[in-house]
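The values are calculated or read from the model by the stated rules, or taken from the named source; none is laboratory data. Not measured: the values here are computed from a predicted model. In this analysis, Cβ positions are derived from the backbone assuming ideal geometry, glycine residues included, and neighbour counts consider all displayed protein chains. Note: areas computed on protein heavy atoms with side chains; ligands, DNA, RNA excluded. Shrake-Rupley method; radii C 1.70, N 1.55, O 1.52, S 1.80 Å.
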Amino acid sequence: KYFVTGSSGAPNIPELFGVLMVDGIQVGYCDVSKKILEPRQEWAKKILEKHPEQLGWYKSKCFEEQPNFFRELISSLKQ
């Protein structure tokens, strides 16, 4: 499961962050405001070390695609 939460103009809350869960255990974390993308389990770290293209995919999702989608959504809702 992947959970994404965002805020628009709220102080002390990241603009957008996400958590990846597998079987109820947090596997990954992304904070767009602080530019943090990190695996939270050793096995996930090993996968990303063996498959750096996966890390690139997650970086693209975390720092480019999701924030752009969120900004467009918020802009649309404000109208």
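Just the accessible area per residue of the chain, please: how many Å² with a 1.4 Å probe?
Details: 5790 Å² over 79 residues.
Here the per-residue accessible area is 73 Å².
Normalise the Debye intensity by I(0) for the chain, one equal point scatterer per Cα, no solvent, then take log10 at q = 0.16, 0.21, 0.26 Å⁻¹ and round to two decimals.
Each listed q corresponds, in turn, to -0.62, -0.96, -1.27.
With only Lys, Arg, Asp and Glu charged, each at its Cβ (+1 for the first two, -1 for the last two), find how big the charge dipole of the range 2-78 is about the Cα centre; round to the nearest 20 debye.
Working: 10 positive and 10 negative charges, 21 e Å.
Once rounded to the nearest 20, the dipole reads 100 debye.
Are there any helices in the chain, counted as whole DSSP H runs, that stretch 15 Å or more along their axis by Cα and score at least -1.0 on average by Kyte-Doolittle, and if so which?
Span-like helices here: 66-78.
Take the solvent-accessible surface of the protein heavy atoms, probe 1.4 Å, and return the percent of it on the range 2-78 that carbon and sulfur atoms account for.
Heavy-atom surface of the range 2-78 belonging to carbon and sulfur, 1.4 Å probe: 56 percent.
Order the following by accessible area, largest value first: ILE13, ILE74. Probe radius 1.4 Å; ligands, DNA and RNA are ignored.
ILE13, ILE74
Taking only DSSP H segments of four or more residues, each worth -39500 (n - 2.57), what value at 222 nm results for the chain once the sum is divided by all its residues, to the nearest 500 deg cm²/dmol?
Roughly -11500 deg cm²/dmol at 222 nm, from the helical runs in the chain.
In straight Cα distance, which lysines are under 23 Å from LYS50, not counting same-chain residues fewer than 8 positions off?
LYS1, LYS35, LYS59, LYS61
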